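Quick notes on the structure that follows.
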Amino acid sequence: MFKQSGSMVSRGWLWTALIAASVLAGVVVFNGLQVRAKDAAQLKALADKQSTVTVTVISPTSSSDAAALSLPGRIEAYAKAPLYSRISGYLRTWKADIGTSVKAGQVLAEIDTPDLDQQILQAKAELASTQANAALSENTAKRWQSLQATNFVSPQAVEEKLADLNAKLAVVNASQANVNRLQALKNFSRIVAPFDGVVTARNTDVGQLINVGGAPGSELFVVSDVKRLRLYVNLPQNQVSNIQKGTTAKFTVPEQPGQVFTATVQSMSQAISSSSGSMLVQLSAENKRGELLPGGYASVSFSIAPQANLLSVPPSALVYTKSGVQVATVNAENRVVMKPVVIARDHGNRLELLSGIQAQDKVIENPPDGVTQGDLVQVRTPQASH
């Protein structure tokens with residue numbers, strides 16, 4: 001009896017221990033699940049915070065000040081004359097080297113023309129022969145006219161002699177014209193400056209064989225008028241309406257650092273180049289002191305008046321997508337709103353927009369890669385655009 005009672009007590013303690021252990025295990029599991037859920041929530045919050053991009057927003061600025069449009073240009077002499085030879089021969093002497101200032105009509109070189117000299121002698125001999133034939137024909141015609149007065153010869157015979165005289169005189173005129181032509185060519189044995197300027201190229205030397213020129217690269221000298229210069233600029237099509245004849249521009253050149261020169265628009269081509277989408281503009285500039293060099297590069301700056309009711313943003317605010325040019329803005333819920341825009345003018349450090357945004361919009365100054373419509377962002381303190 002006693003043994004059976006002890007067995008029952010032992011079983012009771014066993015069940016009690018099992019229940020206590022089960023409860024304890026349940027508490028441990030429950031606490032572990034709570035800790036894991038809390039950690040998961042913290043990790044999710046941290047991941048959400050890290051996935052939210054921080055951006056800086058700016059407000060569009062109104063274009064109230066004149067902007068500078070800077071374009072590359074090239075400088076050319078106001079007048080440039082490549083001098084070719086009209087006759088063949090050998091260069092006897094040259095009198096002006098590169099960099100020499102010359103006056104209009106000044107002799108630059110002389111050419112020996114032995115072949116032409118012989119042609120002139122031959123032409124003069126032929127002229128003398130034709131003149132002698134014409135004189136004989138004239139005397140004959142006069143005698144026949146006197147014989148006609150006595151009816152010794154027929155009128156037809158007299159007319160034939162007069163016709164022969166006229167033919168001989170025509171030959172004389174042709175021979176004289178040939179002599180004049182060759183003598184005119186002889187005058188080209190002296191290469192002279194066509195206007196006041198500077199010799200910018202000399203491509204010949206004493207004793208060189210000279211041929212009749214005209215092809216590029218065969219010029220003997222190049223004379224340039226550098227007292228005034230022409231400045232050529234390719235103006236983008238969207239800026240054509242802002243530049244007119246008489247517009248003043250400023251330009252600089254690399255060889256004169258810190259110096260600013262002035263030029264005036266002289267003419268415009270009035271046509272858009274299909275290859276570059278720009279219009280050629282010609283400006284003129286004074287160069288009396290010779291500071292500017294023809295053929296050089298120049299940075300040309302035009303002052304462009306602002307257009308009313310246009311807003312501007314920095315170039316870094318633009319987003320280029322398959323749908324076109326867009327600007328990323330932030331709404332009241334800190335969500336990204338993509339807005340398509342139309343660029344009116346590009347001033348380099350800022351862009352004038354024709355449409356797409358409002359003055360109260362918050363524009364992301366430098367949108368991160370991959371930003372899309374509806375993305376949640378964190379906004380820094382807004383800064384004014386400069």
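The values are calculated or read from the model by the stated rules, or taken from the named source; none is laboratory data. All of these numbers come straight from a predicted model, not from anything done at the bench. Every residue, glycine as well, gets a Cβ built from its backbone with ideal geometry; the counts of neighbours run over all protein chains shown. Areas reflect the complete protein model, heavy atoms only, side chains present, ligands, DNA and RNA absent. Shrake-Rupley method; radii C 1.70, N 1.55, O 1.52, S 1.80 Å.
Would you confirm, using the coordinates I've provided, whether Ala263 is within 30 Å of Arg345 (Cα to Cα) and small (Gly, Ala, Ser)? Spelling it out, Ala263 is indeed within 30 Å of Arg345 (Cα to Cα) and small (Gly, Ala, Ser).
Might you let me know whether the range 161-181 holds any residue that is on the phi < 0 side of the Ramachandran plot and touching a Lys or Arg at 6+ places or on another chain (Cβ under 8 Å)? Among the residues of the range 161-181, at least one is on the phi < 0 side of the Ramachandran plot and touching a Lys or Arg at 6+ places or on another chain (Cβ under 8 Å), which makes the answer yes. Scanning the range 217-250 for residues that are more than 22 Å from the chain's Cα centre (by Cα) and either without any contact (Cβ under 8 Å) to a residue 40 or more places away in the chain or open to solvent by less than 40 Å² (accessible area, probe 1.4 Å) (or both) turns up Gly217, Glu219, Leu220, Phe221, Val222, Val223, Ser224, Asp225. None of Thr93, Thr61 is in contact with a strand residue (DSSP E or B) (Cβ under 7 Å, 6 or more places away or on another chain) and within 30 Å of Gln378 (Cβ to Cβ) except Thr61.
Of the residues Ser189, Ser175, Ser137, the single one that is within 30 Å of Gln208 (Cα to Cα) and in contact with an Asp or Glu (Cβ under 9 Å, 6 or more places away or on another chain) is Ser189. Scanning the range 345-370 for residues that are outside any loop (DSSP other than H, G, I, E, B) and crowded, with 17+ Cβ neighbours inside 10 Å returns Arg345, Leu351, Glu352, Leu353, Val363, Ile364. Residues in the range 86-101 that are surrounded by fewer than 18 Cβ atoms within 10 Å (Cβ to Cβ) and touching a Gly at 6+ places or on another chain (Cβ under 7 Å): 1 in all.
If only one of Lys245, Lys227 is part of a strand (DSSP E or B) and touching a strand residue (DSSP E or B) at 6+ places or on another chain (Cβ under 8 Å), which one is it? Among Lys245, Lys227, only Lys227 is part of a strand (DSSP E or B) and touching a strand residue (DSSP E or B) at 6+ places or on another chain (Cβ under 8 Å). Reported count of residues in the range 314-328, each being out of contact with any Gly (no Cβ under 7 Å at 6 or more places or on another chain), of a type outside the set (Gly, Ala, Ser) and part of a strand (DSSP E or B), is 6.
Remark: pairs (first residue in the range 280-300, without any contact (Cβ under 8 Å) to a residue 40 or more places away in the chain; second residue of a type in the set (A, V, I, L, M); Cβ separation under 8 Å; 6+ apart in sequence or on different chains) are absent. Reported count of residues in the range 329-344, each being surrounded by 15 or more Cβ atoms within 10 Å (Cβ to Cβ), touching a Ser or Thr at 6+ places or on another chain (Cβ under 9 Å) and in a strand (DSSP E or B), is 5. All conditions in (1) open to solvent by 70 Å² or more (accessible area, probe 1.4 Å); (2) free of Cβ contacts under 8 Å to residues at least 24 places away in the same chain; (3) under 19 Å from the mean Cα position of the chain (by Cα) hold for Pro257, with the sole exception of (3).
Residues in the range 272-323 that are buried (at least 18 other Cβ atoms within 10 Å of the Cβ) and of a type in the set (Ser, Thr, Tyr) were compared, and the one that is modelled with the highest pLDDT is Ser278. Among the residues making up the range 149-190, those that are surrounded by fewer than 16 Cβ atoms within 10 Å (Cβ to Cβ), of a type outside the set (Lys, Arg) and not in a helix (DSSP H, G or I) are Ala149, Thr150, Asn151, Phe152, Ser154.
Could you list all residues from the range 191-211 that are in contact with a Phe, Trp or Tyr (Cβ under 8 Å, 6 or more places away or on another chain), open to solvent by 70 Å² or more (accessible area, probe 1.4 Å) and touching a residue at least 60 places away in the same chain (Cβ under 8 Å)? Across the range 191-211, the qualifying residues are Asp205, Val206, Gln208, Leu209.
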